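To keep things clear, I will list the structure first and then write my remarks on it.
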Amino acid sequence: MKKNMGGIDKVVRIAIALLAAALYFTNLISGTVAIIGITVAGIFTLTSLIGFCPIYGIFGLSSAKKKEAQ
């Protein structure tokens, strides 16, 4: 699996995931919105940790530098 996510992309995804988690744990979001938010946060965290986004792969996109994409 070739990495297709750059450093800034990973940081932004982790920040969004932390924001969603904070909103959930402070009870600012609940119900369906909370479920969707936490699910997206989990996906963003996982893709950031492995450095590969399947959606980017489908569309042939990459935010990784050429050196990182090896």
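The values are calculated or read from the model by the stated rules, or taken from the named source; none is laboratory data. All of these numbers come straight from a predicted model, not from anything done at the bench. Positions of Cβ are generated from backbone atoms using ideal geometry, with glycine treated the same way; all protein chains shown enter the neighbour counts.
What tally of residues in the stretch 1-14 results from selecting those that are part of a helix (DSSP H, G or I) and surrounded by fewer than 12 Cβ atoms within 10 Å (Cβ to Cβ)? Working first, answer last.
Of the stretch 1-14, the ones part of a helix (DSSP H, G or I) are 7-14.
So of that shortlist, the ones also surrounded by fewer than 12 Cβ atoms within 10 Å (Cβ to Cβ) come out as 8, 11.
Counting residues in the stretch 1-14 that are part of a helix (DSSP H, G or I) and surrounded by fewer than 12 Cβ atoms within 10 Å (Cβ to Cβ) gives 2.
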(message) Looking at the structure I just gave you, is Ser62 among the polar types (S, T, N, Q), crowded, with 17+ Cβ neighbours inside 10 Å, without any contact (Cβ under 8 Å) to a residue 60 or more places away in the chain and part of a loop (DSSP other than H, G, I, E, B)?
(response) yes
(request) Can you tell me which residue within the stretch 25-41, out of those that are part of a helix (DSSP H, G or I) and either in contact with a Gly (Cβ under 6 Å, 6 or more places away or on another chain) or of a type in the set (Val, Ile, Thr) (or both), is surrounded by the fewest Cβ atoms within 10 Å (Cβ to Cβ)? (result) Thr32
(request) Please tell me if Ile43 is of a type outside the set (S, T, N, Q), at pLDDT 95 or above and over 10 Å from the mean Cα position of the chain (by Cα). (result) no
